[in-house]
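The structure under discussion appears below in the form of structure tokens.
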Amino acid sequence: MDNRMPRVVIIGAGFGGLWVARALAGAPVAVILIDKNNYHLFQPLLYQVATAALAPPDIVYPVRTILRGQTNLTFRMAEVTAADLNTRQLSTTAGTIDYDYLIVAAGGETNFFGMKSVERYGFGLKNIDDVLAIRNHILRLFELAAQEANAAARRAMLTFIIVGGGPTGVESAGALAELVYLVMPKDYPGIDYEEARIILLEASNRLLTGLPDDLGTATVKMLEKKRVEVRFGNPVADFDGEVVTLKDGEAIPARTLIWAAGIRAAALADKLGVKQAGLGRLVIKPTLQLPEYPEVMVIGDAAYLEAEGQPLPMVAPVATQQAQTAVNNIRRLVQGQEPEEFIYKNPGVLATIGRNAAVAHMGKWQFKGFFAWLLWLVIHIVRLIGFRNRIVVLINWAWDYFFFDRAVRVIMLKPGKVKKE
Ligand SMILES: Cc1cc2nc3c(=O)[nH]c(=O)nc-3n(C[C@H](O)[C@H](O)[C@H](O)COP(=O)(O)OP(=O)(O)OC[C@H]3O[C@@H](n4cnc5c(N)ncnc54)[C@H](O)[C@@H]3O)c2cc1C
């Protein structure tokens, strides 16, 4: 690699970091991309792995394969453990790495808001380990329920609580309902499905905040049609692996709690010693630079920037659009020019509730039902990385759609590697 070229180090191969890396192909810089995993993860479909619709390899892609042939780039699989922004040096599990320009695209992690019991016994929905643990846990509970003579114990095994009425919670609840009521009866005909419950808990008084009210209301109806109980205004206070206790004291015996109620900036954000805003996100200038370190840019979920008085949402389009601005700015800074400011173009919000059911809000357009669902399918297939993954996901979805059958109903982890059972 040419040492005379400025060195750009990117932390994270998610939607932000990977897009920066690809856009720097051929640029007169030496790029080092670091990620603790050797793959890019398509997080929007994580819940489908949790509900046995897809397998992990369908939604990940090796970084080295994606960036194969990019001659100005080196990939390092390592975790960045600290950064000295004054000496421009990163500490990683694979040694130290110096940079001229740094792009922090470390994303986020599950935010349990300090609720230790929920963190201990509940499941996050943020990475492959989380969703494999959920899948194994749910499938094992069906095995146990099929053999359980005690009705109360059986009901607790078949009661699934999902916390958080944003897109992730809504999509997970819909997918879980289809697994429980449409797919599992084939394998477990002896179970009484009147004993099963899927409860979506939302602390506020509506689902999908940020979307127009009537789409929120339509989502509730679509979920209820799929036998999901939607409950508002009574947040979770505690979970001990057996009983979920709500703020007003109500106790719901349930063995499963899936936490889709919060994300915060990745732990690395706390280690940089610079200003953080809510959820630990790093405060940046409109040019995406850290105020005191113009050679450092932060993008994606880890960054805090406001547009029209509101923080930018933690969604993939923010990360990919910021990636493009970051690349433009690196090119400009290398040439001694002023960096440009980031302007977010909101492509809209989509959430699917399951087969034939979704809501979409794009500019002044609103859709619900079958058309929104088709739109959701097309957009997700197009956004997935890798032709092979697109084909495999399409086949799995078609199989599920026509035969009410999911391919990956196998329990793969030994007990003990999963949360309390
Ligand atoms: C379940 C779920 C569903 C979602 N659904 C949608 C959706 O439908 N639509 C949408 O727009 N958005 C969705 N999102 C949000 C979207 O995935 C994020 O906004 C997006 O991934 C943010 O991109 P990023 O580059 O900031 O971070 P990420 O994509 O999270 O990438 C961060 C990368 O940094 C790496 N990393 C972190 N810390 C370190 C470290 N210390 N050292 C080395 N590597 C590190 C991680 O391994 C990861 O690869 C969803 C998120 C989740 C969790």
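Every read-out reported here was derived from the displayed coordinates using simple, explicitly stated rules and does not represent laboratory data. Computed from a prediction, not measured in an experiment: that's the story for all the values here. Virtual Cβ from ideal backbone geometry, glycine too; neighbours counted across all protein chains shown.
Figures for the structure shown
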{"read-out": "Debye, to nearest 20: dipole size of region 116-261, +1 on Lys, Arg Cβ, -1 on Asp, Glu Cβ", "value": "120 debye"}
{"read-out": "The chain: angle of helix 387-403 to the longest principal axis, Cα-based, in degrees nearest 10", "value": "10 degrees"}
{"read-out": "Nearest-ten-degree value, helix 167-178 long axis tilted from longest Cα axis of the chain", "value": "40 degrees"}
{"read-out": "Fewest-first ranking of Val60, Val334, Val31, using other Cβ atoms within 10 Å as the exposure measure", "value": "Val334, Val60, Val31"}
{"read-out": "Selection of GluC sites (Glu not before Pro), region 229-310, meeting DSSP coil and at most 13 other Cβ within 10 Å", "value": "Glu242, Glu250, Glu292, Glu308"}
{"read-out": "Straight-distance crosslink candidates among aspartates and glutamates, where the alpha carbon sits under 13 Å from Lys36 and sequence neighbours closer than 8 are dropped", "value": "Glu79"}
{"read-out": "Ordering of 383-390, 133-140 by packing [mean C-beta count within 10 Å, highest first]", "value": "133-140, 383-390"}
{"read-out": "Degrees between helix 128-147 axis and first principal axis of the chain (Cα, 0 to 90, nearest 10)", "value": "10 degrees"}
{"read-out": "Student exercise, the chain dipole from Lys, Arg, Asp, Glu Cβ charges, in Debye to nearest 20", "value": "780 debye"}
{"read-out": "Farthest toward positive dipole pole in the chain [+1 Lys/Arg, -1 Asp/Glu at C-beta], among Ile391, Ile134, Asn86", "value": "Ile391"}
{"read-out": "Size of electric dipole in region 188-292: Cβ of Lys, Arg +1 and of Asp, Glu -1, about Cα centre, debye, nearest 20", "value": "600 debye"}
{"read-out": "Listed residues Ala23, Tyr47, Pro57: farthest to the positive end of the dipole of region 1-69 (Cβ charges)", "value": "Ala23"}
{"read-out": "Selection from Leu290, Gly363, Gln324, by position along the positive dipole direction of region 276-376 (Cβ)", "value": "Gly363"}
{"read-out": "Exposure proxy ranking, count of Cβ atoms within 10 Å, fewest first, for Tyr181, Tyr61, Tyr193", "value": "Tyr193, Tyr181, Tyr61"}
{"read-out": "Estimated inter-spin distance, Ala149 and Asp240, nm [label 7 Å along Cα→Cβ]", "value": "2.6 nm"}
{"read-out": "Span from the region 1-57 Cα centroid across to the region 307-372 one, whole angstrom", "value": "18 Å"}
{"read-out": "Trypsin sites (Lys or Arg not before Pro) restricted to DSSP loop in region 169-272 with at most 12 other C-beta within 10 Å", "value": "Lys247"}
{"read-out": "Sites Ala307 and Ala267 - FRET efficiency at Förster radius 41 Å, r taken between beta-carbons, to 0.05", "value": "0.95"}
